[in-house]
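Have a look at the structure below before the remarks.
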Amino acid sequence: PLHFMFLNVAQIHQLKRWNTPTIANALEQVCTADPLTCVNRFTARDFMPEMGTMCGRAITVEFATMDPRPKKDHPDNFALMRDYLAQGDAPKIVVVRDRDQPQGAVAIWGEVGAWNARALGCVGTITDGHIRDLDEMKGAGFKALARELAVSHGHGWPVAWGIPLEIFGCNVTPGHLVHADKHGFIVIPPEAEERLLEAARFM
């Protein structure tokens, strides 16, 4: 197996000094991957641009939002998902795919979910679903990039977690470093982490 030199928590926080396009430019200096495979190719809207950048390890969840059956069939899933969110070192970014898009406009994240995730070391979310309670989420220190806003939580229920996801045209693997701001997000290939901070300073 390959072994990579991963950035520590202090180094991850240092990456927040730069916007996400700068990180994208830096990645091109230290990685041969096609840069379009590492970024969102469809618009992920930053609803809290005043919070600046966020950077952390990806943890992944898939939600059902329009179907009431998962809640009835798997009543323990929310508790199991929270156990998963608690794993690993902060900072973490919860990447959430709404499996029922684009059937309806119902929120995956709101005030309660933001506070719970923040208490478990998560600094924000990137979701192709909807969110609500913007002021309360911001008050929790929980940043969100999402598709749109919604009023109701609908039948939101986690159905899978800790799996690779495709979101906004980008593949996200649990544990990979993610950097995001008002421009969108970028997923850092593990082999590029060791030199990323140096490359960002250079750029």
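The values are calculated or read from the model by the stated rules, or taken from the named source; none is laboratory data. All values reported here derive from a predicted model rather than from experimental measurement. Glycine gets a Cβ as well: all are built from the backbone with ideal geometry, and neighbour counts include every protein chain shown. Protein only, heavy atoms only, side chains kept; ligands, DNA and RNA dropped before computing areas. Shrake-Rupley method; radii C 1.70, N 1.55, O 1.52, S 1.80 Å.
Which of 168, 78, 63 moves the most in a Gaussian network model of the chain with Cα springs under 10 Å?
Fluctuation is largest for 78.
Considering only protein heavy atoms and a probe of 1.4 Å, how much of the accessible area of the chain is carbon and sulfur, as a whole percent?
52 percent
What's the whole-number percent of alpha carbon pairs in region 1-98 lying beyond 21 angstrom?
Details: 2441 of 4753 pairs.
So the portion of pairs separated by more than 21 Å is 51 percent.
Any chance you could run the full-extension gain for residue 99 through residue 79? It's 0.36 nm times the residue separation minus the Cα-Cα distance, nm to one decimal.
Extra length from residue 99 to residue 79 when fully extended: 5.2 nm.
For a paramagnetic label modelled at 7 Å from the Cα of residue 111 toward its Cβ, which residues of region 121-152 fall within the zone defined by backbone nitrogen distances under 13 Å?
Counting only backbone N, you get 132-140.
Can you give the FRET efficiency to the nearest 0.05 for residue 191 and residue 11, using r as the Cβ-Cβ distance and R₀ = 25 Å?
The computed FRET efficiency comes out at 0.95.
Taking R0 as 25 Å, what FRET efficiency do you get between residue 166 and residue 33 from their Cβ-Cβ distance, rounded to the nearest 0.05?
0.95
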